[in-house]
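Before any comments, here is the structure.
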Amino acid sequence: FTRYRDGAWTPPVPVPFVSGKENFEPLFSRDGNRLYFGVRKSPSDTDFWMVHRDSRNEDWSDPQPLPAPFNSPKEEWSLAQTADGTMYFASGRDGGHGGLDLYRTVSKPGQLLQVENPGLSVNSEFDDGDPGISPDGKTLVFYSTPNRPGVTGGSGLFICFDNGHGGWTTPVNMGEGF
């Protein structure tokens, strides 16, 4: 990491909590006090981990894996978060529609956090991943492999919108140049 001090960036150094394993795809919480990141446990198993602090002036905690239902025995990738804390990510967990599917967390009063697959309105039989979700949770951009129908010009970026009924509009390929 690096810090901006006295009008310049300090030289980058590894964060103190990085393990000897491959770490990737960091995501800061909106308040900057939680840092989520991926850890490769094996060639076919990646999980989300997190460090936290009480304020920006404090040191980070020891890293901890996120609890179920975030992590599964399969791959988890590309965490994204809305302003209300809903998380979107890609996973190869059992029960999906393709290799990797997009999932989101669902929080209901009095219940443990759950993960749901938005279904074939978003996911395909191919790999779908790298979600980017707008802060209001109404616009979703994601990558799909070039095999997915509708991919043109080598671009696999799709966009869809909250349909106002708990689902998503049909994803549209964003076309060449993306």
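The values are calculated or read from the model by the stated rules, or taken from the named source; none is laboratory data. Just so you know, these numbers come straight off a predicted model, no measurement behind them. Reconstructed Cβ throughout: ideal geometry from the backbone, glycine too, with neighbour counts over all protein chains shown. Just the protein is used for accessible areas: all its heavy atoms, side chains included, with ligands, DNA and RNA removed. Shrake-Rupley method; radii C 1.70, N 1.55, O 1.52, S 1.80 Å.
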12 Å reach of a label modelled at E58, 7 Å along Cα-to-Cβ, counting backbone N of segment 7-42: 33-34
Given backbone amide H placed at 1.01 Å from N, residues whose amide H is under 5 Å from that of Q81, ignoring those fewer than 5 places away on the same chain, are Y88, I133
Just to confirm my numbers, what's the Cα centroid distance between segment 21-64 and segment 105-178 in Å? 24
Given an 8 Å cut-off on Cα distances and at least 6 residues of separation, report the relative contact order of segment 90-178 as a percent. 21
Here the gain from full extension of S29 to T169, 0.36 nm per residue of separation minus their alpha-carbon distance, amounts to 47.7 nm
Lys, Arg +1 and Asp, Glu -1 on Cβ, resulting dipole of segment 30-178 about Cα centre, debye, nearest 20: 120
³J(HN,Hα), Karplus 6.51/-1.76/1.60, whole Hz, each residue of segment 97-113, x for Gly, Pro: 9, x, x, 10, 10, 7, 9, 9, 7, 10, 10, 10, x, x, 10, 5, 4
Which residue fluctuates most in the GNM of the chain (Cα springs below 10 Å): D136, D59, D31? D31
GNM on the chain, Cα springs under 10 Å; top mean-square fluctuation among N163, N33, N57 goes to N57
Taking the square root of 5λ for each eigenvalue of the C-alpha gyration tensor of segment 1-98, the equivalent ellipsoid has semi-axes, largest first and in whole angstrom, of 27, 16, 12
For the pair D162 and V18, how long in nm is the line joining their label points, each one 7 Å along Cα→Cβ? 3.6
Please compute the contact order of segment 1-89 in relative form: average sequence separation of alpha-carbon pairs under 8 Å and at least six residues apart, divided by the residue count, as a percent. 20
Comparing Q64, Q111, Q81, which has the greatest mean-square fluctuation in the GNM of the chain with Cα pairs linked when under 10 Å apart? Q111
Amide H to amide H, which residues 5 or more places from E75 or on other chains are under 5 Å from it, using H placed in the peptide plane? T46, G92, R93
Across the chain, how large is the tail of the calculated P(r) beyond 23 Å, expressed as a percent of all Cα pairs? 47
For segment 1-153: accessible area per residue (Å², 1.4 Å): 57
Farthest toward the dipole's positive end in segment 90-176, which of V172, Y143, P109, given Cβ charges of +1 (Lys, Arg) and -1 (Asp, Glu) about the Cα centre? P109
Shape of segment 38-77 from its Cα gyration tensor (a ≥ b ≥ c, root eigenvalues): rounded if a/c is under 1.5, otherwise prolate when a/b > b/c, or oblate? prolate
Compute the distance in nm between two label points, each set 7 Å from the Cα along the Cα-to-Cβ direction, one at D84 and one at Q111. 1.4
